[in-house]
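Reviewing the structure listed below.
The values are calculated or read from the model by the stated rules, or taken from the named source; none is laboratory data. In this text the structure is predicted, and so the values were computed from the model without any measurement. Note: ideal-geometry Cβ built from the backbone for every residue, glycine included; neighbour counts use all protein chains shown. Surface accessibility is based on the protein's heavy atoms, side chains included, excluding ligands, DNA and RNA. Shrake-Rupley method; radii C 1.70, N 1.55, O 1.52, S 1.80 Å.
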Amino acid sequence: MILIYNDYVRRKEVMDLLTEERYQIILETLKKKGIVKIHELVKLTNTSESTIRRDLTYLESINQLKRIHGGATLLKGRFNEPSYSEKQIQNIDKKSVIAKYAASLIDEGDCIYLDAGTTTYEVIKYIDKKDIVVVTNGLKHIDELIERNISAYILGGKIKARTKAVIGSDALKNLEKFRFDKCFIGINGIHPEYGFTTPDSEEAILKETAINLSREVFVLADESKFGEVAFVKVADLRKAEIITNEEPEDLERYMDKTKVKVVTE
């Protein structure tokens, strides 16, 4: 019995060593390439696809990487925030699909909060209701709302040039006066454990307040936002329905917390 036990311990130690080696290979490859496919890791580690999938699941659970369809990618820095101009040219078709569906949810007579951001900006192009009121903190949104002859308010406060948003205590006081039928929120990170997150604390408090002041809440996000965790928490997943363009990895983990509407056209 002692010999059998010792043999088991030795085999387990070898297995654990091989596992750690696989983790190291995966993370080093990711650091070099930024994104890696499962079939590449199978060849690099000389192991099975199911083993690699388990490895990626574990490494994601300890916030070492983000799984995507068919592989994995590096996590973004939690304080990292692309500029409005950078985001404006990213995933344009995906944002349009999400925005078109979001606009279809607006009814005549609705009071709407439209968060700053490039995806929420796209919503304006598809609004076909006239008897509505829109409140926004998005500087870019106002011209488009005026062009479409939509009644609108812009929050007053400090201008954040990088994201073309109005933020700060004045904007918050202004926002707290309103009550909304629906609000549409842009977001940087969506995670089943850490909820909705964004890099900026002042933007986070505005998003959170708008969510709390709305009867129905929709977060608009393409699939790249899933699994990401930014610097500041905005709200738990249960606080908003998510509208996206593609099923995220582990969809059921998100569906346990909230509704996820996947739209493709």
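Residues whose amide H comes within less than 5 Å of that of residue 219, counting only those at least five positions distant or on another chain, are 185, 241, 242, 243 (H built at 1.01 Å from N in the peptide plane). The alpha carbons of the chain give a radius of gyration and a Dmax of 22.0, 83 Å, in that order.
Against the chain, whose longest principal axis is taken from its Cα atoms, helix 2-33 shows a tilt of about 40°. Over segment 137-218, accessible surface divided per residue gives 44 Å², non-protein components excluded, 1.4 Å probe.
Our coupling estimate for segment 209-226, obtained by passing each phi through the Karplus curve with A = 6.51, B = -1.76, C = 1.60 and θ = phi - 60°, is 5, 4, 4, 5, 8, 10, 6, 10, 10, 10, 9, 9, 7, 6, 5, 5, 7, 6 Hz, Gly and Pro reported as x. When only Cα pairs below 8 angstrom with a gap of at least 6 residues are kept, the chain shows a relative contact order of 15 percent. If you run the Gaussian network model on the chain, springs between alpha carbon atoms under 10 Å, then out of 108, 60, 228 the most flexible one is 108. Loop-located GluC sites (Glu not before Pro) across segment 170-207 with a Cβ neighbour count of 13 or fewer within 10 Å are 176, 193, with loop assigned by DSSP.
For segment 42-68, list residues with backbone N below 16 Å from a point placed 7 Å from the Cα of residue 32 toward its Cβ? Output list for this probe position: 42-46.
Residues whose amide H lies under 5 Å from that of residue 189, counting only those 5 or more places away or on a different chain, are 197, 230; hydrogens are built 1.01 Å from N in the peptide plane.
Shape of segment 153-215 from the C-alpha gyration tensor: oblate (a/c of 1.5 or more and a/b not above b/c, with a ≥ b ≥ c the square roots of its eigenvalues). Taking the DSSP beta bridges with both ends in the chain, the antiparallel portion is around 40 percent. With springs only between Cα atoms under 10 Å apart, run a GNM on the chain and tell me which of 205, 62, 98 wobbles the most. Of 205, 62, 98, the Gaussian network model singles out 62 as fluctuating most. Coupling constants for segment 149-161 follow from the phi torsions by the Karplus curve (6.51 cos²θ - 1.76 cosθ + 1.60, θ = phi - 60°), and in residue order they are 6, 9, 4, 8, 10, 10, 5, x, x, 6, 8, 9, 4 Hz; glycine and proline get x.
In percent, rounded to a whole number, the relative contact order of segment 145-215 is 27, using alpha-carbon pairs under 8 Å and six or more apart.
Could you tell me what percent of the accessible area of segment 122-237 is made up of carbon and sulfur, with a 1.4 Å probe and every protein chain present?
Roughly 47 percent of what the probe reaches on segment 122-237 is carbon or sulfur.
Pull out a ≥ b ≥ c, the square roots of the eigenvalues of the alpha-carbon gyration tensor of segment 86-168, then state rounded if a/c is under 1.5, prolate if not and a/b is larger than b/c, and oblate in the remaining case. Cα axes put segment 86-168 in the oblate bin.
What the phi angles of segment 116-122 give under the Karplus curve with 6.51, -1.76 and 1.60, with θ = phi - 60°, is a coupling list of 5, x, 6, 6, 5, 4, 5 Hz, glycine and proline written as x.
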